[in-house]
Amino acid sequence: MLSKVVSAAILGVDGYLVFVEVDVNNGLPSFDIVGLPDSAVKESKDRVRTAIRNSGFVFPVKRITVNLAPADTRKVGPAFDLPIAVGILVCIGVLNQQDIQNICFSGELSLDGAIRPVNGVLSMALAAKAQGIFTCCIPKDNATEASLVKDTALLPISYLRELVDHFNGQKPITQTKIEPISQEPNYTVDFFDVKGQQFVKRALEVAAAGSHNLLMIGPPGAGKTMLAHRMPTITPNLTTEESLEITKIYSIAGLLNQKQALITERPFRSPHHTASPAALSGGGRIPTPGEISLAHNGILFLDELPEFQKKSLEILRQPLEDGVVTISRASGTLTYPSKFMLLASMNPCPCGYFGATGNLRKCSCTSGEIEKYLRKISGPMLDRIDIQVEATNLEYTDFEQVSGETSRQIRQRVIAAQNIQNNRFLSDNANIANNVNNDKNAANATNAANPAIIRNNAHMTAPMIERYCELGSTEKNLIRQAFDRLGLSARAYHKILKIARTIADLESSEKITVNHISEALSYRSLDRKYW
């Protein structure tokens, strides 16, 4: 007898439907799974056989063949345990084929018949909905996550026996719609705690308002790490689309909190400087998201930047430009979203005290050591960092001063500036969305996950810069002089215009003035003694 069960798998961050075809026929007893299964899928036959027996059913002593279609994509993970078991139960007459039509099944089986949670359920449910399947039978522990998909009914189950009793009408499971809990981010740190460093605080505010990359350079103890960890407190709340994008990535990576399925706080990823290139970009035989994808729509903080492997840093170059990271392996090519704000800090030399003033101890490094240390940050990488500021060492009088603004006060200005940007880019994003919808090859693309969508000034394209960053004659003369004196690249020139546009937005100014250009230049003309 032949049965067909709908399931789903993950490719990158998106799901796609997999049709589990089960055939049980007379012949020598065997259990074969075809359709490019990996080791975890091949091991399903042992889990399925034992789970069916321990659930009180008779496992057929026949020739069993399971095909996972489409057969040209590799299937990964234990999520096919449940659909394979359902297919076998249909073939032996325990379940009816008509009852399981238009239902997507996914779950891992324990040997006692319990249904264990799996990764990527959110993407699977979205894929099922896109194909007209509005009911999902999933592990109970994944129900909160799957409930984020609107207009989809859920059948959360804990044991295989529950599923059989439901479809046989003995103990029906109520189709549930769980409302996800949404809560405001609760930060335990505040900019109010930071003494001094007013220039750096202002630079961080500008960076948050326009999602600009930022580098802080200064001696040990200047407060660079302290400032960086307070950066999330001045960023706006995530939109619903942004939350879903991040939640999909964390679900696939297995980092989702089952009690709070929807991520409502911007990611702040701070990998150690020993992180490998694969840990940053994502990797493995079957690539999984790395740190730069886990920081999507959030902040990637690299403390002690020169201590990272040079290969690790160079990997960041393409994602910083494109907003996506593409990983190629023998098994295929996957693309993960990675539109993040890069926040980095570093010392000016190996000992950390080069250029320090006041009572700090003097630098003990040779000029060759300093040059070698700074050369760990390549020119192309440095050119992609919009804002570069110096965090000077503090004097005792700084600690006697009254603390500055709170994160809440700064955040209000940042939100106002980003609202201006959102309104500015409405028509551009509408055109981008129309192009995606008209692209037949982008049938599974969503506007929220499209890296071409512009949300901040930092992501403006060259035509948009010309349109939204018009300069008067005085402003043009100023930036021309800076271009020649500082030896700026075309990328650096565009970044200065983007920063100036953000500063103008913070002041609710339609035009970019000389003051805005001057402040933007101050964030790119870091004291040349360092470079």
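The values are calculated or read from the model by the stated rules, or taken from the named source; none is laboratory data. For clarity, every value in this text was computed on a predicted model and none was experimentally measured. Virtual Cβ from ideal backbone geometry, glycine too; neighbours counted across all protein chains shown. Side chains included, ligands, DNA and RNA excluded: accessible areas come from the protein's heavy atoms. Shrake-Rupley method; radii C 1.70, N 1.55, O 1.52, S 1.80 Å.
Once amide H atoms are built 1.01 Å from N in the peptide plane, which residues 5 or more positions from residue 288, or in another chain, come under 5 Å H to H?
So residue 288 has HN proximity to 283.
Taking the alpha-carbon distance from residue 140 and a cut-off under 19 Å, which aspartates and glutamates remain once sequence neighbours fewer than 8 residues away in the same chain are dropped?
81, 108, 112, 151, 162, 165, 179
Which whole-number value in Å² is the accessible area per residue of the chain, probe 1.4 Å?
Working: 23670 Å² over 531 residues.
Here the per-residue accessible area is 45 Å².
Excluding residues fewer than 8 places away in the same chain, name every one of the lysines whose C-alpha is closer than 29 Å to that of residue 62.
Counting by Cα, and skipping residues close in sequence, residue 62 has these lysines nearby: 4, 42, 45, 75.
Under a crude label model (7 Å from the Cα following the beta-carbon direction), how far is residue 422 from residue 286 in nanometres?
Taking the simple label geometry, residue 422 and residue 286 are separated by 3.7 nm.
Can you list the lysines whose alpha carbon is less than 27 Å from that of residue 201, not counting same-chain residues fewer than 8 positions off?
Cross-link targets: 224, 339, 362, 376, 495, 498, 511, 529.
Describe numerically, in nm with one decimal, the distance between label points set 7 Å from Cα along Cα→Cβ at residue 34 and at residue 398.
With each label placed 7 Å out from Cα toward Cβ, I get 7.0 nm.
Could you derive backbone 3J(HN,Hα) for the stretch 121-136 from the dihedral phi with the Karplus parameters 6.51, -1.76 and 1.60 (θ = phi - 60°), listing whole Hz in sequence and x where the residue is Gly or Pro?
Values, residue by residue: 4, 4, 5, 5, 5, 5, 5, 5, 4, 4, 9, x, 9, 10, 10, 10 Hz.
If you roll a 1.4 Å probe over the chain with all protein chains in place, what percent of the accessible area is carbon or sulfur?
50
What is the gain in length, in nm to one decimal, between residue 241 and residue 279 on full extension, counting 0.36 nm per residue of separation less the C-alpha to C-alpha distance?
Once the chain is fully extended between residue 241 and residue 279, it gains 11.1 nm.
Using mean Cβ contacts within 10 Å as the protection proxy, how do 203-214, 121-132 order, highest first?
Details: 203-214: 25.3, 121-132: 22.3.
Sorting 203-214, 121-132 by mean packing, highest first, produces 203-214, 121-132.
Using only Cα atoms, tell me the angle between helix 81-91 and the longest principal axis of the chain; keep it within 0 to 90° and round to the nearest 10.
20
By its C-alpha gyration tensor, with a ≥ b ≥ c as the square roots of the eigenvalues, how is the stretch 57-112 shaped: rounded for a/c under 1.5, else prolate for a/b larger than b/c, else oblate?
Rounded, since a/c falls under 1.5.
Assign one of three labels to the stretch 251-399, namely rounded, prolate or oblate, based on the Cα gyration tensor with a ≥ b ≥ c the square roots of its eigenvalues; rounded applies when a/c is under 1.5, prolate when it is not and a/b is larger than b/c, and oblate otherwise.
Since a/c reaches 1.5 and a/b is larger than b/c, the shape of the stretch 251-399 is classed as prolate.
If you take the C-alpha gyration tensor of the stretch 1-134, multiply each eigenvalue by 5 and take the square root, what semi-axes do you get, largest first, in whole Å? It would help to have the intermediate numbers written out before the result.
Numbers: eigenvalues 102, 46, 43 Å².
For the stretch 1-134, the ellipsoid semi-axes come out as 23, 15, 15 Å.
More than 33 Å apart: what percent of Cα pairs in the chain qualify?
Roughly 49 percent, once rounded to a whole number.
Expressed as an acute angle from 0 to 90° and rounded to the nearest 10, what is the orientation of the C-alpha long axis of helix 426-438 relative to the principal long axis of the chain?
Helix 426-438 sits at roughly 30 degrees to that axis.
Towards the positive end of the charge dipole of the stretch 150-256, with charges on Cβ (+1 Lys, Arg; -1 Asp, Glu), say which of 209, 240, 228 has the farthest Cα.
228
Tell me which residues come under 5 Å, amide H to amide H, from residue 387 once H is placed; ignore anything under 5 positions away on its chain.
Placed amide hydrogens put 213, 214, 215 under 5 Å from residue 387.
With no solvent and one point on each alpha carbon, what is the Debye value of log10 I(q)/I(0) for the stretch 181-311 at q = 0.11, 0.17 Å⁻¹?
Each listed q maps to, in turn, -0.45, -1.02.
Please give the FRET efficiency for residue 484 paired with residue 369, using the beta carbon to beta carbon distance and R0 = 35 Å, rounded to the nearest 0.05. Write down the numbers at each step before the final one.
Details: r = 32 Å, r/R0 = 0.92.
After rounding to 0.05, the efficiency reads 0.65.
To the nearest 10 degrees, how steep is helix 44-54 against the longest Cα principal axis of the chain, on a 0 to 90 scale?
50
Mind listing the long-range amide H neighbours of residue 137? Cut-off is under 5 Å, sequence gap 5 or more, other chains count too, H placed in the peptide plane at 1.01 Å from N.
Residues meeting the criterion, in which the H sits 1.01 Å from N, are 104, 105, 106, 155.
Tell me the chymotrypsin sites (Phe, Trp or Tyr not before Pro) within the stretch 233-305 that lie in a loop according to DSSP and have at most 12 other beta-carbon atoms within 10 Å. Mind showing how you got there, number by number?
Values: sites: 250, 268, 301; in loops: none.
Passing both the DSSP loop test and the Cβ count: no residue.
Kindly identify the stretch 258-322 as rounded, prolate or oblate by the Cα gyration tensor criterion: order the square roots of the eigenvalues as a ≥ b ≥ c, call it rounded if a/c is under 1.5, otherwise compare a/b with b/c, prolate if a/b is larger, else oblate.
Since a/c reaches 1.5 and a/b is larger than b/c, the shape of the stretch 258-322 is classed as prolate.
State to the nearest 20 debye the size of the charge dipole of the chain about its Cα centre, where the only charges are +1 on K and R beta carbons and -1 on D and E beta carbons. List each step's numbers first, then the result.
Values: 56 positive and 53 negative charges, 147 e Å.
Charge dipole of the chain: 700 debye, to the nearest 20.
Across bins of 10 angstrom width beginning at 0, how are the C-alpha pair distances of the stretch 86-245 distributed, in whole percent?
All Cα pairs considered, the percentages come to 9, 28, 20, 14, 14, 11, 4, 0.
Can you show me the helix-derived [θ] at 222 nm for the chain, built from DSSP H runs with n ≥ 4 at -39,500 (n - 2.57) apiece and divided by the number of residues, rounded to the nearest 500.
So the helix-based figure for the chain works out to -10500 deg cm²/dmol.
Assuming a viscosity of 1.567 mPa s and a temperature of 4 °C, what translational diffusion coefficient in µm² per second does Stokes-Einstein assign to the stretch 489-528, Rh being the Kirkwood radius over Cα pairs?
Stokes-Einstein gives a translational diffusion coefficient of 127 µm²/s.
Mind jotting down a quarter of the surface of the convex hull over the alpha carbons of the stretch 451-531, in square nanometres, one decimal?
Taking a quarter of the hull surface, the average projection is 5.9 nm².
Considering only C-alpha atoms, what is the centroid distance from the stretch 48-100 to the stretch 204-245, in Å?
Each part reduced to its Cα centre gives a spacing of 49 Å.
Sort 160, 28 from largest to smallest accessible area, using a 1.4 Å probe on the heavy atoms of the protein chains. Show your work: numbers first, answer last.
Working: 160 0, 28 140 Å².
Largest to smallest exposure gives the sequence 28, 160.
Output wanted: per-residue J couplings in Hz (rounded whole) for the stretch 8-20, from phi through Karplus 6.51 cos²θ - 1.76 cosθ + 1.60, θ = phi - 60°, x for Gly and Pro.
My calculation for the stretch 8-20 gives 8, 9, 10, 10, x, 10, 9, x, 8, 6, 10, 9, 8 Hz in order.
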